[in-house]
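The values are calculated or read from the model by the stated rules, or taken from the named source; none is laboratory data. Being a predicted model, the structure only gives us computed values, none of them experimental. Glycine also receives a Cβ, built like all others from the backbone with ideal geometry; neighbour counts cover every protein chain displayed.
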Amino acid sequence: MNKTVRFLTTYHLPLMIILSAGVLVFEIYDHTTDQHLFLTDFEFWVEVVTYGFLLPILGVYVLRTLEKNLHEREQANQSLDKQLEFKQKMTRSVTWDQLSY
C-alpha cells in the first residue's frame, strides 16, 4: 500500500476536522473583512455548510470506503496466497506422506 494512501486512511478523521476548522476560520475571516453583519449573509452560511460540513463529511465517507476496500483486498490476497501455496504443494507431492507437514 502506498504511504500516502496509508496515511490518509489512518488519519482521515483528524485531517477532516482540521480541514473543516480551517475552512470555517477562513470563511469567518473572509466575511468579516467585507461586511460587518456577516452572520445574516446567506452566502456566508452556504459556504460554511458546504465547505465546512458537507465536503468534510463526504471526504470522511470516501476515505472510510477506501480503507474498507483496501482491507478486503488485503484479505483476498492472503486467501489467494494460501490457495496458491496449497496448489503448489499438491503438484510437488507424489505420495500422501509428502502432503503432511
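Just to be sure I understand, how many residues within the stretch 71-101 are modelled with pLDDT under 85 and aliphatic (A, V, I, L, M)?
Of the residues in the stretch 71-101, 3 are modelled with pLDDT under 85 and aliphatic (A, V, I, L, M).
Just wondering, is there one or more residues in the stretch 13-21 that are at pLDDT 85 or above, among the β-branched types (Val, Ile, Thr) and surrounded by 13 or more Cβ atoms within 10 Å (Cβ to Cβ)?
No: the stretch 13-21 contains no residue that is at pLDDT 85 or above, among the β-branched types (Val, Ile, Thr) and surrounded by 13 or more Cβ atoms within 10 Å (Cβ to Cβ).
Return the residue satisfying two criteria in turn: it lies in the stretch 22-37 and is surrounded by fewer than 12 Cβ atoms within 10 Å (Cβ to Cβ) and among the β-branched types (Val, Ile, Thr), and of such residues it is modelled with the highest pLDDT.
Looking only at the stretch 22-37, we keep the residues that are surrounded by fewer than 12 Cβ atoms within 10 Å (Cβ to Cβ), and these are 25, 29, 33-34, 36-37.
Within this subset, residues satisfying the condition of being among the β-branched types (Val, Ile, Thr) are 25, 33.
On the way: Val25: 88, Thr33: 71.
So, considering only residues that are surrounded by fewer than 12 Cβ atoms within 10 Å (Cβ to Cβ) and among the β-branched types (Val, Ile, Thr), the one modelled with the highest pLDDT is Val25.
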